[in-house]
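My structure is below; once you've seen it, I'll send some questions.
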Amino acid sequence: MRRLLAALLLLAALGGGLGALVGVRADLAEFLPPGRSPASAFLFRELRSGAATTLLLAGIEGAAPAELARVSRETAAGLRASGRFDFVGDGTVTLGDAEQALLFRYRYLLSPETRPEAFTAAALRPKLEALLEGLRSAASPLLARFGFADPTGAFLGLARAFLAESRLEVRDGAWFAAEGPPRALLIARAQGGAGLDAEAQGQAVAAFRTAFEAANPGPARLLLSGPGVFASEAATAIRADVRLITLASGGLLAAFLFWRYRSLMLLGLVAVPLAVGTLAGFAVTALAFDGKVQGIALGFGMTMLGVTVDYPILLASLRRPEEGLAAAARRIWPTLRLAAASAATGLAAMLGSGFPGLVQLGVFAGTGLLAAAATTRWVLPWLLPGARIVARPLPRPVRAALGALRGRRRLAAGVVAGAGLLLAVLGGPVWQRDLSALSPVPREAQVLDATLRRQLGAPDVRVLFALGPGTEGEVLAASERLGEAMVPLLGTALEGIDLPSRYLPAEATQHSRQAALPTPEAAEAVLREAITGLPFRPTAFAPFLAALGESRALPPLDAAGLAAGAPTLAARLSPLLSHRGESMVGVALAQDVRDTAALAAVAQRLGDPRILFIDVKAETEGLLDAYGQATLLWALAGGVLVLGLLALGLRSPGRALRVAGPIGGALLVTLAALTLLGEALTLFHLASLLLLAGLAIDYSLFLAGDATDDTMGAILNCAVSTLLTFGLLAFCGTPVLHGIGLTVSLGVASAFLLACAMAPRSLPHA
């Protein structure tokens, strides 16, 4: 017993040390595939650092409009002071004096209204009349500052276009929703392109909530949404599910094993191979993948290692009265070795899938299975050489039911044939192609997100255009071509489109606008004609004439210059224009898309290699289909390898087929049951089916020989232990965990029953 306790303490220490040395990646983007086309490759890069995935959308309601505006302004100020956000929009004018100066200086190079006809007497006359009226109104100070230097209104037009949102109402310096009860609105972009990095997103969400609380909101309440909030809520939901299931299943498993064996020692025996398998899988995966393990692969890999619980149970249950553990381990080792090797070989499907998360999962679980089997063979007998752990007899009704089921091969064949027929009638398994169906975020939270996006005019992440790669000028020129092509579709196929060229025109465009500017001498003659009859002094517009001369000689503004002089505008541009190595890439985000086909047709007509239309939903579905098909093909290849391994180990192809019968039958019954229940398959279901195949190999191999009551009882103990350990996942609210639990539960039950039915009839030992 001392050796067992020492081993458990040593494994705990090794686990702590390994956990400290090896990092666990929380970035969900690293679990994603690299993409199989230019569109999917760009899409997954955007998921890592794109604009749409770093947005936080907020609504503040529950108080009077004036109070909501105050809370909104103070919350926005707190967000800016936190340093965690590249951009915060709340309805306030956020251009500082230096930014206004830069924008004012470059107004004619940046404004789309800079055309030769804008500087004719006919065009200037109504502008001057409007200026005269404005000087008599409350706007007089603003117009006195800018109007005489910019009678065309280029600067004020740019400021409104860059900072205002047409669909939002501005009250008391805050944005308000134009519909429904009073609701102040904010939008923020997390710093550094957090993407799917759960930790960075969680910090941004916490900073948002802290800023809101610091604004003394009183009765006002914060409604927060966006990918960061979804990631945080998903992590919370998964942790809650896993914590509850771990406690419940651990307690139930311990109680069941203690009831069956009346020995605390068995619990220690079960823990050792599981711990060794987990540590071995963790270490090998870290070595194979740059020293870090993906968190999802770790969690799901430990789930798949649940098959290792069978090994010590089989060792203890199948030990004969006169045997020690060492002798029992030697006797069952050929069968146990073949079962573990076959299960690990079946996991080769994950290695060949090409899906990074599944590859890690396959390495982790395959290594762990082999390490746990070896531990059961050589370590457990050394830890407890004189252990005498005996299972209590099965209850008489259970023993009678199992005895009646033994050898009913026609019944088993009928059940499998019925499952196959049902599957054919139902049209085969359904593949889950909608990622939102797997989201652990409640439906009401998804509705809130859609509402806030509509009210704020936030980007529609279903459709986007990739621009580039190329130089900054080439990407901006592509953006301008796309913008021109989209003009006829505005208001019909889509509501709007956010382009990088909206904030920074291409260098060639800036040069063309410079060329459209009149000389100061020509402009002075036009002004004299335009002010005829108006009470303006002839020298009043001297700043305007001087600005024309300066603008004609300005060097074009680039992204670096914009960032240095106007960080607010640069923050609006940065998610739309960024570096990718030595090149630049851009993205155009569509808003309120109503006709996806029309947008795709525009990109096709342009025929521009630097403009790529991406339908996110279609691209994601296609990629999932491709990886699902690849995984299925590799699973079939793994099945062939397992069959060959069984034939080699059993020295008989016929016996191998008989052993494989319950395995294939269990998979078919499980697929039919899942389809009948309306469960659409995901890659996680496929991984669960591989786990099921590993469990079924154990059951089938040990029952294929002398299926005594003791053997059937031992396999029953294994099946019940698996159901108690992982079957409870079927009750989780998290869709992925629910699917895993349901698949394992159905599969374990069918694998055990089919293995019993296909076992040979033999008399039980006395």
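The values are calculated or read from the model by the stated rules, or taken from the named source; none is laboratory data. Quick caveat, the model's predicted, so the values are computed rather than measured. Here Cβ is always computed from backbone atoms with ideal geometry, including for glycine, and neighbour counts include all displayed protein chains.
When the stretch 483-498 is examined, which residues are found to be buried (at least 19 other Cβ atoms within 10 Å of the Cβ) and among the β-branched types (Val, Ile, Thr)?
Once the filter is applied, which keeps residues that are buried (at least 19 other Cβ atoms within 10 Å of the Cβ) and among the β-branched types (Val, Ile, Thr), the stretch 483-498 yields only 497.
Can you name the residue in the stretch 571-624 that is modelled with pLDDT under 80 and more than 23 Å from the chain's Cα centre (by Cα) and, of all such residues, is surrounded by the fewest Cβ atoms within 10 Å (Cβ to Cβ)?
581
Let me ask something additional. Given the conditions (1) assigned to a helix (DSSP H, G or I); (2) closer than 30 Å to residue 389 by Cβ; (3) at pLDDT 85 or above, and given that residue 305 satisfies all but one, which numbered condition is not satisfied?
Result: residue 305 fails condition (3) only.
Follow-up. Would you mention how many residues in the stretch 498-508 are within 39 Å of the chain's Cα centre (by Cα) and either outside any helix (DSSP H, G or I) or free of Cβ contacts under 8 Å to residues at least 40 places away in the same chain (or both)?
Number satisfying all stated conditions: 7.
I want to confirm something. Restricting to the stretch 180-211 and keeping residues that are among the polar types (S, T, N, Q) and over 17 Å from residue 449 (Cα atoms), which single residue is modelled with the lowest pLDDT?
191
Can you tell me which residue among 279, 244, 222 is at pLDDT below 90 and either part of a helix (DSSP H, G or I) or crowded, with 19+ Cβ neighbours inside 10 Å (or both)?
244
Something else now. Taking the stated definitions as given, is residue 36 outside any strand (DSSP E or B), of a type in the set (Lys, Arg), at pLDDT 80 or above and touching a helix residue (DSSP H, G or I) at 6+ places or on another chain (Cβ under 9 Å)?
For residue 36, the condition - outside any strand (DSSP E or B), of a type in the set (Lys, Arg), at pLDDT 80 or above and touching a helix residue (DSSP H, G or I) at 6+ places or on another chain (Cβ under 9 Å) - is not met.
Name the residue that is surrounded by the most Cβ atoms within 10 Å (Cβ to Cβ), counting only residues in the stretch 463-482 that are touching a helix residue (DSSP H, G or I) at 6+ places or on another chain (Cβ under 8 Å), touching a residue at least 60 places away in the same chain (Cβ under 8 Å) and not hydrophobic (A, V, I, L, M, F, W, C).
Residue satisfying both the conditions and the ranking: 479.
Tally time: how many residues in the stretch 683-707 are of a type in the set (Phe, Trp, Tyr) and either touching an Asp or Glu at 6+ places or on another chain (Cβ under 8 Å) or closer than 27 Å to residue 737 by Cα (or both)? It would help to see each step written out before you state the result.
To start, the set of residues in the stretch 683-707 that are of a type in the set (Phe, Trp, Tyr) comprises 684, 699, 702.
Checking the rest, the ones that are also either touching an Asp or Glu at 6+ places or on another chain (Cβ under 8 Å) or closer than 27 Å to residue 737 by Cα (or both) come to 684, 699.
Residues that pass the stated criteria total 2.
Here's another thing I want to ask about it. What are the residues in the stretch 557-580 that are free of Cβ contacts under 8 Å to residues at least 12 places away in the same chain and either β-branched (Val, Ile, Thr) or assigned to a loop (DSSP other than H, G, I, E, B) (or both), if any?
Passing the criteria: none in range.
This table checks each residue for (1) surrounded by fewer than 18 Cβ atoms within 10 Å (Cβ to Cβ); (2) in contact with a Phe, Trp or Tyr (Cβ under 9 Å, 6 or more places away or on another chain); (3) in contact (Cβ under 8 Å) with a residue 12 or more places away in the chain.
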site: 626; (1), (2), (3): yes, no, yes
site: 634; (1), (2), (3): no, no, yes
site: 640; (1), (2), (3): yes, no, no
site: 643; (1), (2), (3): no, no, yes
site: 646; (1), (2), (3): no, no, yes
site: 649; (1), (2), (3): no, no, yes
site: 653; (1), (2), (3): yes, no, no
site: 660; (1), (2), (3): no, no, yes
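Please enumerate the residues belonging to the stretch 696-730 that are among the small types (Gly, Ala, Ser), in a helix (DSSP H, G or I) and out of contact with any Phe, Trp or Tyr (no Cβ under 6 Å at 6 or more places or on another chain).
Looking only at the stretch 696-730, we keep the residues that are among the small types (Gly, Ala, Ser), and these are 696, 700, 704-705, 707, 713-714, 719, 721, 727, 730.
Filter once more, so that each one left must be in a helix (DSSP H, G or I): 696, 700, 713-714, 719, 721, 727, 730.
Matches in the stretch 696-730: 696, 700, 713, 714, 721, 727, 730.
Any residue in the stretch 102-126 that is under 12 Å from residue 557 (Cα atoms) sitting within a Cβ distance under 9 Å of a residue that is hydroxyl-bearing (Ser, Thr, Tyr) and outside any loop (DSSP other than H, G, I, E, B)? List the pairs, counting only those 6 or more apart or interchain.
105/551; 106/551; 107/551; 108/551; 109/509; 109/551
A further question on this structure: Could you please let me know if residue 703 is touching a helix residue (DSSP H, G or I) at 6+ places or on another chain (Cβ under 6 Å), crowded, with 23+ Cβ neighbours inside 10 Å and touching a residue at least 60 places away in the same chain (Cβ under 8 Å)?
no
Moving on to the next point. Surrounded by 15 or more Cβ atoms within 10 Å (Cβ to Cβ), modelled with pLDDT of 85 or more and in a helix (DSSP H, G or I), is that true of residue 101?
For residue 101, the condition - surrounded by 15 or more Cβ atoms within 10 Å (Cβ to Cβ), modelled with pLDDT of 85 or more and in a helix (DSSP H, G or I) - is not met.
Take the residues in the stretch 382-405 that are crowded, with 20+ Cβ neighbours inside 10 Å and modelled with pLDDT of 90 or more; name whichever of them is farthest from residue 334 (Cα to Cα).
So, considering only residues that are crowded, with 20+ Cβ neighbours inside 10 Å and modelled with pLDDT of 90 or more, the one farthest from residue 334 (Cα to Cα) is 402.
Any idea how many residues of the stretch 310-327 are buried (at least 19 other Cβ atoms within 10 Å of the Cβ) and not basic (Lys, Arg)? I'd like the intermediate steps shown before the answer.
Keep residues of the stretch 310-327 that are buried (at least 19 other Cβ atoms within 10 Å of the Cβ), which gives 310-319, 325.
Next, only the ones that are not basic (Lys, Arg) stay: 310-318, 325.
Qualifying residue count for the region: 10.
Is it the case that some residue within the stretch 66-82 is within 28 Å of residue 450 (Cα to Cα), buried (at least 17 other Cβ atoms within 10 Å of the Cβ), at pLDDT below 75 and of a type in the set (D, E, K, R)?
Within the stretch 66-82 (the criterion being within 28 Å of residue 450 (Cα to Cα), buried (at least 17 other Cβ atoms within 10 Å of the Cβ), at pLDDT below 75 and of a type in the set (D, E, K, R)), the answer is no, since none of the residues qualifies.
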